[in-house]
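Undergrad: Just dropping this structure here.
The values are calculated or read from the model by the stated rules, or taken from the named source; none is laboratory data. Note that the structure is a prediction, hence the values are computed from the model and not measured. Backbone-built Cβ (ideal geometry, glycine too); neighbour counts: all protein chains shown.
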Amino acid sequence: MGNKRTEINKRWQSKNKDHANYLKARSTTRSFIKNKATNEDLQEFKGLIKTREEELKENK
C-alpha cells in the first residue's frame, strides 16, 4: 500500500510543481526557524517579513 501512496504523491507533485515547491520551501523555512535559527537570524527575518508584508499590501 505504501508504494501506491508514494506513486499517487509523485503524480500529484508532477502535476502541481509550483505548489509542491511552495510547500517544500515553507516546510524548510518553518523547520529552520524552529530548530536552528539564532537571535540574529530571527531579527533579520523580522525585517524581511515586514518588507514582504508591505509589498503585498501595495500589490493588492
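Undergrad: Would you call Phe32 surrounded by 10 or more Cβ atoms within 10 Å (Cβ to Cβ), within 13 Å of the chain's Cα centre (by Cα) and hydrophobic (A, V, I, L, M, F, W, C)?
TA: On the way: surrounded by 10 or more Cβ atoms within 10 Å (Cβ to Cβ): yes; within 13 Å of the chain's Cα centre (by Cα): yes; hydrophobic (A, V, I, L, M, F, W, C): yes.
Taking the combined requirement at face value, the residue satisfies it.
Undergrad: Those residues that are outside any helix (DSSP H, G or I) and at pLDDT 95 or above, I need them from segment 1-22; list them, please.
TA: Residues of segment 1-22 outside any helix (DSSP H, G or I): 1, 16.
Answer for segment 1-22, where residues must be outside any helix (DSSP H, G or I) and at pLDDT 95 or above: just Asn16.
Undergrad: Look through Ala37, Ala25 and report the one residue that is surrounded by 10 or more Cβ atoms within 10 Å (Cβ to Cβ), assigned to a helix (DSSP H, G or I) and among the aliphatic types (A, V, I, L, M).
TA: On the way: Ala37 fails: assigned to a helix (DSSP H, G or I).
Unique residue meeting the criteria: Ala25.
Undergrad: Could you tell me which of the residues Glu44, Glu55 is among the acidic types (Asp, Glu), part of a helix (DSSP H, G or I) and surrounded by 10 or more Cβ atoms within 10 Å (Cβ to Cβ)? Even if it seems obvious, please write down each step before you answer.
TA: Working: Glu55 fails: surrounded by 10 or more Cβ atoms within 10 Å (Cβ to Cβ).
From the options Glu44, Glu55, the qualifying one is Glu44.
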